[in-house]
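Trainee: Quick one: structure below, then a few questions.
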Amino acid sequence: MGLLTALQGDRIYFDTNVWIYAVESYPAFIQELLALLQSIDQGNQIAITSELSLAEVLVKPLQERNQTRQEAYKRAIVNRKNVLSCPY
């Protein structure tokens, strides 16, 4: 839980790479990201992201016509409580 204790404040910006590491279960970061996402889901923090992040993470799944992966990213970013998407 080193990441959670190191974070200051209640708002955290998630760039594209954070979503990719979380959804793709990147081994080096997955445990800390799961703990962080759980904390966000519980309302301890709010994740801020950009609509551009959603567009960027969907490029490869759209190219590969991978509907499952597209839905996984949408669930993670769009349909998640305490995640705010900014239009820029």
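FYI, it's all coordinate maths here, none of it is from the lab. Small disclaimer: the values here were computed from a predicted structure and weren't measured. With ideal geometry, Cβ positions are generated from the backbone for all residues, glycine too; neighbour counts draw on all protein chains shown.
Trainee: Using the basic label-point model (7 angstrom from Cα toward the beta carbon), what is the Glu32 to Lys74 distance in nanometres?
Mentor: 3.1 nm
Trainee: Name the longest site-free stretch of the chain, where the excluded sites are trypsin sites (Lys or Arg not before Pro) in a DSSP loop with no more than 11 other beta-carbon atoms within 10 Å.
Mentor: In the chain, the maximal stretch lacking such sites is 1-64.
Trainee: Which of rounded, prolate, oblate describes the chain, given a ≥ b ≥ c as roots of the alpha-carbon gyration tensor eigenvalues and a/c under 1.5 marking rounded, otherwise prolate only if a/b is larger than b/c?
Mentor: Note, shape of the chain comes out prolate.
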